[in-house]
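The values are calculated or read from the model by the stated rules, or taken from the named source; none is laboratory data. It should be emphasised that the depicted structure is a prediction, and the values quoted were computed from it without experimental measurement. Here the Cβ is made from the backbone with ideal geometry for all residues, glycine too, and neighbour counts use every protein chain on show. Areas reflect the complete protein model, heavy atoms only, side chains present, ligands, DNA and RNA absent. Shrake-Rupley method; radii C 1.70, N 1.55, O 1.52, S 1.80 Å.
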Amino acid sequence: MNHAFRALLKSMFGSLRDLTPIILVVIFFQLVVFGQPMPNLSDLLLGLFFVTLGLTFFIYGLEMGLFPIGESMAHAFARKGSVFWLVAFAFSLGFGTTIAEPALIAVAAEAARVAANGGVIEQSQSAQLSYATGLRYTVALSVGIAIVLGVVRIIKGWPIHLMIIAGYLLVVIMTVFAPEEIVGIAYDSGGVTTSTITVPLVTALGVGLASSIKGRNPMVDGFGLIAFASLLPMIFVMAYGMVI
């Protein structure tokens, strides 16, 4: 119990340390650049306390729960020796965490609204909902495939740099032919997919899998899955824009 409390306290100090540069920037611009006192100082301090507390529990929860779960499942799949179930889990992990990602929901809804205002789709609510839903499922599908691709890369030992170079070359080529209205959305979709839940689970899965396979280096082979999760949505969303 005392060990857990000390670890939580250490995590809280770490969160406060990480937030300090942001706090200093805000104070500098508010007091020096704008020359105005901090508005609602008590509310700001209370909000800062809650942010620090939330970040502390989030990071502590990742270290306590999600990282061990990801690594233990990777070891279990490696011991089981079933590539099918490993691939199925990788796809489900990528798809499931992405489809519920709040940032993706917000981007898809905003993209549908702008598309309706720009005359790309109808102004009706059903048309916007269909557009946003299609965009979300396209991104989720691409992330699921991306995690599968990353897992297969670890198993086979394929060089990641060649795969990433080939992927971004395809992105550049597709950018030339894709509708202008979808290119920016596609590029943003590559960023919003790396959510706070997906990243630790996928990273733990990659490291655990690389640690379980003979001849694989966890430092060299265990990372890189998130790069695929950011790359493939750009390709799929531009393809989605071409189709619709």
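Stokes-Einstein diffusion coefficient for region 71-228 at 25 °C in a medium of 0.890 mPa s, Rh from the Kirkwood formula over Cα pairs: what value in µm²/s? Display every interim value, and only then the final one.
On the way: Rh = 16.8 Å.
Result for D is 146 µm²/s.
If you split all Cα-Cα distances of region 161-244 into 5 Å bins from zero, what percentages do you get per bin, shortest first? All Cα pairs considered, the percentages come to 3, 15, 21, 18, 16, 12, 8, 5, 2, 0.
Among the GluC sites (Glu not before Pro) in region 44-133, none sits in a DSSP loop with a Cβ that has at most 12 other Cβ atoms within 10 Å.
Per residue, the chain exposes 56 Å² of solvent-accessible protein surface, assessed with a 1.4 angstrom probe and all protein chains in place. Computed on the chain, with alpha-carbon pairs under 8 angstrom and 6+ residues apart, the relative contact order is 25 percent. Sorting the segments 159-171, 198-210, 129-141 by their mean number of nearby beta carbons within 10 angstrom, highest to lowest, gives 198-210, 129-141, 159-171.
Modelled this way, with points 7 Å down the Cα-to-C-beta line, the labels at Asp18 and Trp158 are 3.2 nm from one another. Among the trypsin sites (Lys or Arg not before Pro) found in region 142-244, those both in a DSSP coil and sparsely packed, with 13 or fewer other Cβ atoms within 10 Å of their Cβ, are Lys214. Summarising the label geometry, the points placed 7 Å from Cα in the beta-carbon direction at Met38 and Ala103 lie 2.7 nm from one another.
Among Thr98, Thr52, Thr193, the largest mean-square fluctuation in a Gaussian network model of the chain, built with springs joining Cα atoms closer than 10 Å, belongs to Thr52.
Measuring nothing but protein heavy atoms, the accessible surface of region 41-98 at 1.4 Å probe radius is 77 percent carbon and sulfur. Using only Cα coordinates, the Kirkwood hydrodynamic radius of region 21-137 works out to 19.1 Å.
So if we plug the beta-carbon distance of Phe49 and Ser72 into 1/(1 + (r/R0)^6) with R0 = 41 Å, what FRET efficiency do we get, rounded to 0.05? Kindly include the intermediate steps, with their values, before the conclusion.
Numbers: r = 34 Å, r/R0 = 0.83.
Using R0 = 41 Å, I get an efficiency of 0.75.
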